[in-house]
Every structure is written in structure tokens, then in C-alpha cells.
């Protein structure tokens, strides 16, 4: 399958390397980035053509599917162009920078009549999260009652400001919880906590968010993007008869001098590298079968709508008002 990649920043370049060296059944044949020199360098890695415009990748007759890894505010228009061209597209999160723009993608795909869009919520492909999902599906902890989530980064780039911890980081917890619990999130409340002096003044960090599902389950999600000590993602679901937890992966524990030291990954590439490979392999396999699976445009829309409600919360409970789900997605779980 010939894949065109739009955006050759850090994650786009990583995806090109994965598709070239670690994913079976695909090859990268076209790339674009506004940084033309970088695009040329990445194209050389894959033996691909570097195009002059993003839409040239979509319009390239040799490109059978598109991977969008450009800045988030460009995603909706590029995905809409892929749908118009009838080409399957894997779009990195967020699907769009606003729920309104994401809903336009949902409506365009519904009008097209079949799924073409997969959103890059890679945690659904992580072995740890899959273990939690399997335990819930088997009823091993009874009925879920509440969920604890932690999302901590070592640090973030200088341009990571404002409410990006909600719009760019929290969305992972939002999607993971919708998928694990098979429920929509109907309200969000941001609880004010003291903020770290190590974060930029333009970024309120950490954030504590309470999410409520349609069947009354409460999720508390801590997002701390300047935690400094490591990249630490956790999830525990508490049920009526037990709990199931996603434990932090380690590369070994050292015990000496009356203490124990565990190694943590220092970035998301190390923590979720295999999940990204498995996500891409699943996408390629499905598209080659003539279908699109995985997180849908509806999932991208719902996650963005929840993040918007969190941004609007400012300490007050804020409802998440979703549009009516089109019939195209009616056979899906809240996934």
C-alpha cells in the first residue's frame, strides 16, 4: 500500500521510519512539510517524492492512503480533502482544533457513506491498556465505579502554553476512558490546584480534571506536563469486586541501601513506541482489506468536545453537548 505522509516533524518522521522499516505491507511514496529541506531529508529515508503542497500528496494518483501528522490546526481541512478524494486517512490527534471543525469531518464521512478516517489514539494499541480493557470485558472486577488517571511528562516545548495540557494531553485520557468504559463523557470540571513554578507562566500546570460518564462513573485525571522526573502514565479502574491497573513500565528495579529505584521512560516515544507500530500495522492491514477500523472520526469529535468543556470549566461543572451520532457510527461502542 502506497502511503503519503503530510508533516515530517518529530512524530511524522517517526511514522515514516516505522512504515519503512517495521510495518509490513506499506511503503511511503510521498511526503510534504512546510520545511522543504526537512521533507526532502525524510523523503530520502523512504525513497519517496517530496511534494510542494500538502494537497499534492492527497491528489497524487499513486498514493492510496494518507497519514496526517502536521500541526493540529491543519488536520480538519486535510482530512476533509482525503474524504472528498475517497482516500483512507490516519490522522494524528487532535482530529480538529475545535469540536465544530471535527463535527464537519464526521458529517462529511457520514455523507460519503463509509468510514475512511482513523484517529491516532495509539493507547488503544498499548499492551497495558489492552490488558485493562480485557479485564473489564471479562467482568473480572465487577462493575466499574470510578477511574484514576495520571499523565505526566518530563517537560514540554516552549510553545506549549495556555490550555494545551487539556487540548493536547488530556484528550488521551478522555479517549482511553471512553473506550475502556464504553460510555460517553457528559461533563467536565477542572479543579484548581497549586501550579508548579517550573512551568511557564502561560501554562497552568498541573491540572486536575473530573470527568463524568453517561452512567455516572467519575474519572479523576491529573495532567502534569512539567513533572521532570520521567514520563509516567497510569490508569486504575475501581470496580465493585476488585481493581485493574495499568502499571508504569520499567527497565528493571535496583534495590540497595534500604531503598528501591525503578527506571522510567523519559518521553512518549520510549513509552508508546510499540503501540505506534501496532497502530500503524493494524491501519495498513485494515485498509488493504478495504475497511477502516480503530478510533473513528466520532471518537476524535467526542474527545475534542470534552477537552473544550474542560477549557470552559474554570472550576465549574460544564456539560459536554454532543451532536446526534450518525448511523455510520451506530454499530461502534463509545470508541
Worksheet, complete the sentence: Here the residues within region 311-324 that are buried (at least 16 other Cβ atoms within 10 Å of the Cβ) and either in the same structural domain as residue 102 (by TED's automatic domain parsing) or more than 22 Å from residue 123 (Cβ to Cβ) (or both) are 313, 318
Response to the item:
Among strands (runs of 3 or more DSSP E) completely within region 62-156, the ones holding 2 or more residues that are under 25 Å from residue 321 (Cβ atoms) are 117-120, 144-152
Worksheet item: Looking at region 85-102, which of its residues are crowded, with 21+ Cβ neighbours inside 10 Å and over 17 Å from the mean Cα position of the chain (by Cα)?
Response: 88
Discussion item. Among the residues in region 55-62, are any surrounded by fewer than 18 Cβ atoms within 10 Å (Cβ to Cβ), modelled with pLDDT of 95 or more, outside the structural domain of residue 306 (by TED's automatic domain parsing) and touching a helix residue (DSSP H, G or I) at 6+ places or on another chain (Cβ under 8 Å)?
Written reply: yes
Item to complete: Determine whether residue 215 is outside any strand (DSSP E or B) and more than 23 Å from residue 130 (Cβ to Cβ).
Response: no
Item to complete: Considering each of 308, 279 in turn, give the residue that is in the same structural domain as residue 102 (by TED's automatic domain parsing) and within 19 Å of the chain's Cα centre (by Cα).
Response: 279
Fill in: Residue identified as part of a strand (DSSP E or B), in the same structural domain as residue 150 (by TED's automatic domain parsing) and surrounded by 14 or more Cβ atoms within 10 Å (Cβ to Cβ) among 255, 187
187
Worksheet item: Within the group 162, 128, which residue is in contact with a strand residue (DSSP E or B) (Cβ under 9 Å, 6 or more places away or on another chain) and closer than 22 Å to residue 300 by Cβ?
Response: 162
Discussion item. Restricting to region 279-335, name every residue that is assigned to a helix (DSSP H, G or I) and under 12 Å from residue 184 (Cα atoms).
Written reply: 298, 299, 301, 302, 303, 305, 306
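The values are calculated or read from the model by the stated rules, or taken from the named source; none is laboratory data. All values reported here derive from a predicted model rather than from experimental measurement. Neighbour counts run over all protein chains shown; Cβ positions are idealised from the backbone, glycine included.
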